[in-house]
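The values are calculated or read from the model by the stated rules, or taken from the named source; none is laboratory data. It should be emphasised that the depicted structure is a prediction, and the values quoted were computed from it without experimental measurement. Quick reminder, even Gly has a Cβ in these numbers, built from the backbone with ideal geometry, and neighbours come from all protein chains shown. Note: accessible area is taken over every heavy atom of the protein model, side chains too, but ligands, DNA and RNA are not part of it. Shrake-Rupley method; radii C 1.70, N 1.55, O 1.52, S 1.80 Å.
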Amino acid sequence: MKKKKIIIHIGSGKTGSTSIQKTLYLNKKRNDAILNYPFLLDRKDNQVFRYAFCKLENTTSHMRAKFKEEPDNFLLYQKELLESFEKKTSELADYVISSEFLYLSKKDEVSSIKEYLTKLGFESFHIILYIRQPSSYYLSAVQQSLKTSSFIPSPKSFDYNFKDVIAIWKDVFKNLTIRVFDKEKLVNQNVVEDFSYVLNTLGYDTNLGQGLRVNEKVSVECSQVMQDYFKSINLESLSSKELHNIRLIIASFIKKYADYGSKPILRENIKQFIINNFYEDILYVNNKYNLQLNVNEKIFTQEPKVSLFKDLATEFDEKIYKELKEVLFLESY
């Protein structure tokens, strides 16, 4: 007898999740009979699925701003999310969820998700997780942060708890596939093709093609200008509409100038410092799960002091930086 099955892709962040989601959307009609990708509410994805199980303070800054004035409305939003999901997954079929937000879930959330899905009749579960080398993740995460704030996490406080996340999801759901997000280790050096390959190994003959490349790295100078821009703004005093306008300004700036300037490459001392901090965890998951996360030998490195994005990078062009700064500040004031 056919079982109701679900594939849950949980990220992590900065491992091509947006590319996977965009491609699932574009190929929905072609693949839904094989593996259904349900849209939630008025969205063209199901990325917000996690919000039905977490507290408002554990959501994104965008969501917190949206419900800041009336936080009780978040409870109504959660109810609507669940109703939408139940409606879209009512048939006896196989489904796929893709949300890097799920990577942030604590064990009680993950257990609640499993309990909820079981009540809906799902009997078979499989988790797909991509992780990347921590120093590479750190650089990408910093650049993502600068799209919405001036904050740069210090290399010392930076947390990428992949070891704990693996343990939580494997303990609750049992079936877990872990892939290393590294261009040289992905199928055809492409995360969408790699994801399609994983689905094929699970028995789903999907056709996702090469997918779309999104959230590419932004130049050092462009990133520094965005940090300067957000330092000049008091974000806490802005309304959700004003924050939305700022996001549009930044998105337009990135679209035009992301490639203009120096390629972001992490300074060697910072890279080594982060590797040292995660050294044991990398060795552990490599050995336990037969992964191939790159890891250098431990070499003592003093804690790097970082306040500006350019402090992280090997190259920085002052002339390009001044040119881009003038562009962004003139466009926004």
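Some observations on this one:
One line per residue, one yes/no per condition, for (1) surrounded by 18 or more Cβ atoms within 10 Å (Cβ to Cβ); (2) at pLDDT below 95:
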site	(1), (2)
K255	no, yes
I275	yes, yes
N290	no, yes
N294	no, yes
E297	no, yes
D317	no, no
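- Criterion applied to V306, V295 was being within 25 Å of the chain's Cα centre (by Cα), closer than 24 Å to Q224 by Cα and in a loop (DSSP other than H, G, I, E, B), and the one residue passing it is V306.
- First in segment 270-284 and farther than 21 Å from A313 by Cβ, second anywhere and at pLDDT below 95 and of a type in the set (V, I, T), Cβ under 8 Å, 6 or more apart: Y279/V295; I282/I275; I282/V295; L283/V295
- The lone exception for Y260 - which of (1) in contact (Cβ under 8 Å) with a residue 40 or more places away in the chain; (2) open to solvent by 20 Å² or more (accessible area, probe 1.4 Å); (3) part of a helix (DSSP H, G or I) it fails: (3)
For every residue, the table says whether it meets (1) among the small types (G, A, S); (2) touching a Leu at 6+ places or on another chain (Cβ under 8 Å); (3) closer than 30 Å to K185 by Cβ; (4) surrounded by fewer than 20 Cβ atoms within 10 Å (Cβ to Cβ).
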position: S17; (1), (2), (3), (4): yes, no, yes, no
position: K22; (1), (2), (3), (4): no, yes, yes, yes
position: N27; (1), (2), (3), (4): no, yes, yes, yes
position: F49; (1), (2), (3), (4): no, yes, yes, no
position: H62; (1), (2), (3), (4): no, yes, no, yes
position: K66; (1), (2), (3), (4): no, no, no, yes
position: L76; (1), (2), (3), (4): no, no, no, yes
position: E80; (1), (2), (3), (4): no, yes, no, yes
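- Options L40, L35, L24; residue that is over 25 Å from K170 (Cβ atoms) and among the aliphatic types (A, V, I, L, M): L40
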